[in-house]
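A.B. asks: Input: one structure, supplied below.
The values are calculated or read from the model by the stated rules, or taken from the named source; none is laboratory data. Note that the structure is predicted; figures quoted are calculated from it, not measured. Ideal geometry is used to build each Cβ from the backbone, glycine not excepted, and the neighbour counts take in all protein chains shown. Only protein heavy atoms, including side chains, enter the accessible area calculation; ligands, DNA and RNA are left aside. Shrake-Rupley method; radii C 1.70, N 1.55, O 1.52, S 1.80 Å.
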Amino acid sequence: MRMILVGPPGAGKGTQAKRITERLGIPQISTGDMFRAAVKDGTEMGLKAKEYMDKGALIPDEVVIGVVKERLSKPDCAKGFILDGFPRTLAQASALDNLLKEIGTAIDHVVVIDVPDDDLVRRLSGRRTCRNCGFMYHIEFNPPKKPGICDRCGGELYQRDDDKEETIRNRLKTYHAQTEPIVEFYSSKGLVRKIDGTGSMEEVEKAIEKEIGA
Ligand code: ADP
Ligand code: AMP
C-alpha cells in the first residue's frame, strides 16, 4: 500500500499515520518530522529549514524532494509507505510521480482529511508531542494521564515552536494557496478519498479504513 495523507496542519495526518503504520506495518514518512530532526541535530539543512518553519512557510521544493527521494530508496519502503505532509506543492507531486515511475510503481490512495480552519487553530494550540518517542497528545481532546509526561515512555511533552497562533494562521494560508491545488491534481487521476476529519480519532480511523479497504 502506497498512500498519501493530505490535509491542513492539525487535520490529524500524524495521528492517523501512526495508527495505519501500527495496523499495516508500513513506515510513516513525515517530512515535518524529518526536518524537525535535522533542526534538533543542528545540521546545515536543519538551520536553513528552521527559518522557513518558524515563519509557517514551505521549505524549497528541491530540498524537500531530495530528502524524500533518499528516504523512499530505503529497504523498509519496498512494500509500501504512508506519506504524511508530502507532497505539499504541485512541483513536489509531479516530482513524486516521476520518482515512482522510475522504480515502476505508483500511489494507490490519496486520503484528504478535511477540517475547518477554526477547529485547526484549537487543535494545534493544544497539541503536545513527546520529545522522546514522538507520540502526540492534545491537552483537551487526548490528554496524557500526568500533565507534561508521555503515557507511553515517560518522556517530556513539548509544544512545537510553530504551534503559536500567528504561525498557525500563516501555515493555514500556505496550505490553502500552495497545497490545496494538489487535490485537483490527484482527483484527475481518480486517487482522492475525501474524509471528514471532524469526528473523533477513532471515527476518522474507521472512515479511512473503509476508503482504502485496509
Ligand atoms: P497533523 O499531523 O495533520 O498536523 P496531528 O495528527 O498532529 O495533525 O493532530 C493535531 C492535534 O489534534 C494533536 O494534538 C492531536 O492529538 C489532535 N487530534 C488529531 N485528530 C483529532 C481528532 N479527530 N479530534 C480531536 N483532536 C484530534
Ligand atoms: P508538519 O510537521 O507537516 O506540520 O510540517 C512542519 C513544517 O515543516 C511546515 O510548516 C514546513 O515549513 C516544513 N515542511 C514539512 N513538509 C514539507 C514539504 N513537503 N514541503 C515544504 N515544507 C515542508
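A.B. asks: How many residues does the range 148-167 contain that are at pLDDT below 95 and either aliphatic (A, V, I, L, M) or away from ligand 1 (no atom under 13 Å from the Cβ) (or both)?
C.D. replies: Final tally of qualifying residues: 4.
A.B. asks: Search the range 45-59 for residues that are closer than 14 Å to Asp163 by Cα and pair each with any residue that is away from ligand 1 (no atom under 16 Å from the Cβ) and open to solvent by 40 Å² or more (accessible area, probe 1.4 Å) when their beta-carbon atoms are under 7 Å apart and the residues are at least 6 apart or on different chains.
C.D. replies: Lys50/Val39
Yes/no matrix, rows are residues, columns are (1) at positive phi; (2) within 14 Å of ligand 2 (Cβ to nearest atom):
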{"residue": "Lys164", "(1), (2)": "no, yes"}
{"residue": "Leu172", "(1), (2)": "no, yes"}
{"residue": "Tyr175", "(1), (2)": "no, yes"}
{"residue": "Thr179", "(1), (2)": "no, yes"}
{"residue": "Ile182", "(1), (2)": "no, yes"}
{"residue": "Ser187", "(1), (2)": "no, no"}
{"residue": "Gly190", "(1), (2)": "yes, no"}
{"residue": "Ser200", "(1), (2)": "no, no"}
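A.B. asks: Please verify whether Lys50 is at pLDDT below 95, farther than 24 Å from Thr198 by Cα and of a type outside the set (S, T, N, Q), treating the condition exactly as stated. Talk me through it step by step, then tell me what you get.
C.D. replies: Details: at pLDDT below 95: no; farther than 24 Å from Thr198 by Cα: yes; of a type outside the set (S, T, N, Q): yes.
For Lys50, the condition - at pLDDT below 95, farther than 24 Å from Thr198 by Cα and of a type outside the set (S, T, N, Q) - is not met.
Here's the yes/no breakdown for (1) over 30 Å from Glu70 (Cβ atoms); (2) in contact (Cβ under 8 Å) with a residue 24 or more places away in the chain; (3) open to solvent by 50 Å² or more (accessible area, probe 1.4 Å); (4) among the aliphatic types (A, V, I, L, M):
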| position | (1), (2), (3), (4) |
| --- | --- |
| Ile107 | no, yes, no, yes |
| Val111 | no, yes, no, yes |
| Arg131 | no, yes, yes, no |
| Gln178 | no, yes, yes, no |
| Tyr186 | no, yes, no, no |
| Val192 | no, yes, no, yes |
